[in-house]
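Report on one structure; see the data block that follows.
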Amino acid sequence: MPLDQSFVGRSYPPTEPYIVGREKIREFARAIGAAEAEYQDLEAARALGYADVVAPPTFPIVLTMASSHAQIVEDPELGIDYSRVVHGDQRFAYARPIVAGDALVCVNTVEEITTRGGHDFMTTRSDVSTEAGELVVTVWAKLVQRGEE
Amino acid sequence: MSLETQTFRVTRADLVRYAGASGDFNPIHWSERFATSVGLPGVIAHGMFTMALVGRAVTAWAGAPDAVVEFSVRFSRPVPVPDTDEGTEVVVSVAVKGETEEGHTKLTLTATCQGEKVLSMAQAVVRKR
């Protein structure tokens, strides 16, 4: 069964704020081998003009993958079979980098669903903003649900 | 035209560390048994780990993480990571492609593993350094 086109344009309720921890940024930076001081050292980050230690460019995935998975991929009405899903495309558009101390809310939307060659393609968009409504980053992921055998 | 190439070594330990840091515990990234049962050649790297390595090359080129305006990739081929001390290597290159209407620099990015491209349509837009 192809994915239901009527989900295109559907937005889910804003998530509870994700509080970005200094140690989480340090852990993520270490895991990807990013050694620049602004990811680890508060004084170095402040000297470069950041409010706190700054997150590497792909860090937003920590919030958006978890929240879009919980809201969209696991939406029983949409009925995605995650065992057949692979990650197709990923895109980030930044208003500013994430820094430790940010309290970030995600609004997840199903932006596009297409079917081609028996496979389903779904693009999700996550608008990541502060609690005060300042847009920080927009994140798109295209998931491919491979056709059933 | 500037072209900068960087080689990143990727081992199973890196994938375990990335799984913990990112919260992506899909077993295709740590269980050989599970990965082969779903038709993969073996444990493969998280696509987002490969993208993070390319992101390191982009921020290094741009000079700062806040210089990155846009960053996008398509995952075109998996990166198998054997259970050896050496693991595998991902080779990343960054080339200037032009300028956007806003005056930012457009970068074309490539990532290869074992001589094959693992990303397509990979690009970034960065503020001028």
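Every number here is computed from the coordinates shown, using simple stated rules; none is lab data. Note that the structure is predicted; figures quoted are calculated from it, not measured. No Cβ is skipped: glycine too gets one built from the backbone with ideal geometry, and neighbour counts run over all protein chains shown.
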> Mind checking which aspartates and glutamates have their C-alpha under 12 Å from B:Lys106, skipping anything on the same chain fewer than 8 residues away?
Replying inline: B:Glu70
>> Run the helix sum for chain A: -39,500 (n - 2.57) per DSSP H stretch of 4+ residues, divided by residue count, reported at 222 nm to the nearest 500 deg cm²/dmol.
In response: -4500 deg cm²/dmol
> Roughly what angle does helix A:22-31 make with the longest principal axis of chain A, taking Cα atoms, 0 to 90 degrees, to the nearest 10?
Replying inline: 70 degrees
>> On the Cα set of the protein assembly as shown, report Rg and Dmax in Å, please.
In response: 18.3, 56
> Over the C-alpha atoms of region A:75-141, what are the Rg and the largest Cα-to-Cα span, Dmax, in Å?
Replying inline: 14.5, 45
> Under a straight-distance cross-link criterion of Cα-Cα below 19 Å, which aspartates and glutamates are reachable from A:Lys24, leaving out those fewer than 8 residues away in the same chain?
Replying inline: A:Glu16, A:Glu36, A:Glu38, A:Asp41, A:Glu43, A:Asp52, A:Asp102, B:Asp14, B:Asp24, B:Asp66
> Separation between the B:Thr36 and A:Ala93 pseudo-spin-labels, each 7 Å from Cα along Cα→Cβ, expressed in nm?
Replying inline: 4.5 nm
>> Nearest 500 deg cm²/dmol is fine: what mean residue ellipticity at 222 nm does chain B get from its DSSP H runs of n ≥ 4 alone, each adding -39,500 (n - 2.57), divided by its residue count?
In response: -7500 deg cm²/dmol
>> Springs between alpha-carbon pairs under 10 angstrom, Gaussian network model over chain A: which of A:Glu38, A:Glu111, A:Glu16 fluctuates most?
In response: A:Glu16
> Which chymotrypsin sites (Phe, Trp or Tyr not before Pro) does region B:18-110 hold that lie in a coil by DSSP with at most 12 other beta carbons within 10 Å?
Replying inline: B:Phe25
>> Just to check I understand the Karplus step: with θ = phi - 60° and J = 6.51 cos²θ - 1.76 cosθ + 1.60, what whole-Hz values come out for region A:86-95, glycine and proline as x?
In response: 10, 7, x, 10, 9, 9, 10, 10, 9, 8
> Taking N as the number of residues in region A:14-88, what is its Cα Rg relative to 2.2 N^0.38 Å?
Replying inline: 1.42
> How large are Rg and Dmax for chain B when only the alpha carbon atoms are used, in Å?
Replying inline: 15.5, 49
> Based on the Cα coordinates of region A:1-135, what is the per residue volume of their convex hull in Å³?
Replying inline: 120 Å³
>> Could you tell me how many cubic angstrom of Cα convex hull volume region B:34-102 has per residue?
In response: 121 Å³
